[in-house]
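Structure first, then comments.
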């Protein structure tokens, strides 16, 4: 039991998962991933439309540092920076 708790704590420090729901097209998300050079896995699923606007659920798996790297590039690219 103690080992299990210790192992889970170690896994959580090295592996994270983030979920986003966004209107950014999947092709653009994948281009941003390539540009960021972040070592993350991205899964894209269609989510419910919001007032007729298509949305996608983005699941990002990777280390905390790599997810942060990807998210920084994503925010800058969408803000025009």
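Read the figures in this text as sums done on the coordinates, not as results from a lab. Computed from a predicted model, the values in this text were never measured in an experiment. Backbone-built Cβ (ideal geometry, glycine too); neighbour counts: all protein chains shown.
For this structure, a couple of remarks:
- Cut-off 16 Å, label 7 Å out along Cα→Cβ of residue 76, residues of the range 22-60 by amide N: 31-39
- Taking label points 7 Å from Cα along the Cα-to-Cβ direction, residue 45 and residue 64 give a separation of 2.6 nm.
- Taking the number of Cβ atoms within 10 Å of each Cβ as an exposure proxy, the fewest-first ranking of 48, 41 is 48, 41.
- Fewest-first ranking of 16, 75, using other Cβ atoms within 10 Å as the exposure measure: 75, 16
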